[in-house]
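Asks: My questions will all concern the structure given below.
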Amino acid sequence: MSEPVSSDSSHTAKVTAMFDDRTDAGEQLATGATTRACLRRVTNAGAAYVMLAVPVGLPEAIESLHDEADAVVCVETPSWFSAVGQFYRTFGQVPDAEAMRYLDDGS
């Protein structure tokens, strides 16, 4: 995501856009579970309008996320999707410590 979601009400009456170029590092938008949780969090924080933008995802997962956001934009939804890593030249795992630094920077 472009910025971590905080638990305060700073999203109230705002448009919130989530951009994720490596969606659901473990699930690769195969199920969309992590993305769904993030969308629900910003909605519950009071965002007036929520948009999700991702480069690639499993068609069924992308379709299911339309219930969680006001707008969902996905550049590629190939039927032969198996993992998001197949669409990147380099797709390494983000270490836990690095992920925690991103979360801490948003607090």
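Coordinate-derived values only; no laboratory data. These numbers were taken from a predicted model, which means no experiment stands behind them. Here Cβ is always computed from backbone atoms with ideal geometry, including for glycine, and neighbour counts include all displayed protein chains.
Asks: Which distance in nm do the two modelled labels at Ala33 and Val73 give, with both placed 7 Å along the Cα-to-Cβ direction?
Replies: Placing both labels 7 Å along Cα→Cβ, they lie 2.9 nm apart.
Asks: Any chance you could run the full-extension gain for Val15 through Tyr102? It's 0.36 nm times the residue separation minus the Cα-Cα distance, nm to one decimal.
Replies: Result: 29.2 nm gained on full extension.
Asks: Could I ask something else about it? In nanometres, what is the gap between the two model label sites at Tyr49 and Ser64, each 7 Å from Cα along Cα-to-Cβ?
Replies: Computed distance between label sites Tyr49 and Ser64 equals 2.8 nm.
Asks: Sticking with this structure for a sec: Within 10 Å, count the other beta carbons around each residue, average over each peptide in 70-78, 87-95, and list them highest first.
Replies: 70-78, 87-95
Asks: Provide the gained length on full extension for the span Arg89 to Arg41, in nm with one decimal, where the gain is 0.36 nm per separating residue minus the Cα-Cα distance.
Replies: Separation in residues times 0.36 nm, less the Cα-Cα distance, equals 14.1 nm.
Asks: Further, regarding this structure: ³J(HN,Hα) across segment 70-83 via Karplus (A = 6.51, B = -1.76, C = 1.60, θ = phi - 60°), whole Hz, x for Gly/Pro?
Replies: Whole-Hz 3J(HN,Hα) from phi for segment 70-83: 6, 9, 10, 10, 9, 5, 10, 10, x, 5, 8, 4, 10, 7.
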